[in-house]
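First comes the structure, then the notes that go with it.
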Amino acid sequence: MKKLSLKAFVSIAMLSSLAYVLMFIKFPVLPIYSYLTVDFSDIPALIAALIFGPIGAIIVEIIKNLLDYLTHISDVGIPIGNAANLVAGLLFVLPTYFVFKRMKTKLGMTYALIIGTVTMAVIMSILNYFVILPAYLALMHFDVGNVKDYIVAGILPFNLIKGALVTIIFMVLFSKMQKWITKQAILNNN
């Protein structure tokens, strides 16, 4: 495993803080499931992945969710939502990173983000069916009716829309920051 420098740790901490703040700026995209909200907190994790590699992205995702959980601990008590957000973020960011690593162009980044979106949407649907929703139903007395219908009508489209929105915003940023990100990645041997 690659050793991270102090500068890398400080940069990852800053990206984690930014990701945490971005978690507060959220909005629903499916009116019927208004509690499923989109935020752009995966963008700092994408930047961390491109500059510091997958370990940077993992650290950003863990810290932002840990901070969010600690901030809202009295609201929920059980970190199911934060665990789901962590897994969803990693399922989006890591495939994006590994695909982009092979195709280092703007078009490559577009393909990478699409693959990250599809990966996240499909695997989160499966995890919601077998793990996440059963946990919510059992621990929080949450009711969604028919689980399959909920996943097909709610979880899958939500994650596809979230991935598409994050992709659009990130591509705007990436087109402006690509040279800087590449330079930082070279300086950090990634």
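The values are calculated or read from the model by the stated rules, or taken from the named source; none is laboratory data. For clarity, every value in this text was computed on a predicted model and none was experimentally measured. A quick note on method: Cβ atoms are made from the backbone with ideal geometry, for glycine too, and the neighbour counts reach across all protein chains shown.
Within 16 Å of Leu36 (Cβ to Cβ) and over 14 Å from the mean Cα position of the chain (by Cα): does that describe Ile78? In short, no. Counting the residues of region 7-33 that are part of a helix (DSSP H, G or I), farther than 12 Å from Val60 by Cβ and β-branched (Val, Ile, Thr) gives 3.
Yes/no matrix, rows are residues, columns are (1) over 16 Å from the mean Cα position of the chain (by Cα); (2) under 18 Å from Val38 (Cβ atoms):
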| position | (1), (2) |
| --- | --- |
| Met103 | yes, no |
| Lys106 | yes, no |
| Ile115 | no, no |
| Met120 | no, yes |
| Phe130 | yes, no |
| Val144 | yes, no |
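Just to confirm my filter: which helices (runs of 4 or more DSSP H) fall fully inside region 36-145 and include at least 1 residues that are basic (Lys, Arg) and surrounded by 16 or more Cβ atoms within 10 Å (Cβ to Cβ)?
Working: elements: 42-52, 54-71, 80-102, 106-127, 133-140.
Output list reads 54-71, 80-102.
Residues in region 16-37 that are under 15 Å from the mean Cα position of the chain (by Cα) and more than 19 Å from Pro95 (Cβ to Cβ): Ser16, Ser17, Leu18, Tyr20, Val21, Leu22, Met23, Phe24, Ile25, Lys26, Leu36, Thr37. Within region 142-165, does at least one residue satisfy the condition of being touching a helix residue (DSSP H, G or I) at 6+ places or on another chain (Cβ under 8 Å), basic (Lys, Arg), free of Cβ contacts under 8 Å to residues at least 60 places away in the same chain and more than 18 Å from Ile181 (Cβ to Cβ)? Yes, because at least one residue in region 142-165 is touching a helix residue (DSSP H, G or I) at 6+ places or on another chain (Cβ under 8 Å), basic (Lys, Arg), free of Cβ contacts under 8 Å to residues at least 60 places away in the same chain and more than 18 Å from Ile181 (Cβ to Cβ).
Summed over region 53-91, the residues that are charged (D, E, K, R) and either touching a Cys at 6+ places or on another chain (Cβ under 9 Å) or modelled with pLDDT under 90 (or both) give a count of 1.
Look through region 97-143, keep the residues that are farther than 20 Å from Val87 by Cα and among the polar types (S, T, N, Q), and return whichever of them is modelled with the highest pLDDT. Among those that are farther than 20 Å from Val87 by Cα and among the polar types (S, T, N, Q), it is Thr110.
The set of residues from region 170-190 being among the hydrophobic types (A, V, I, L, M, F, W, C) and loosely packed, with under 13 Cβ neighbours inside 10 Å comprises Val172, Trp180, Ile186, Leu187. For the structure I just gave you, tell me whether Ile62 is under 27 Å from Leu187 (Cα atoms), touching a residue at least 60 places away in the same chain (Cβ under 8 Å) and in contact with a helix residue (DSSP H, G or I) (Cβ under 8 Å, 6 or more places away or on another chain). Criteria not met by Ile62.
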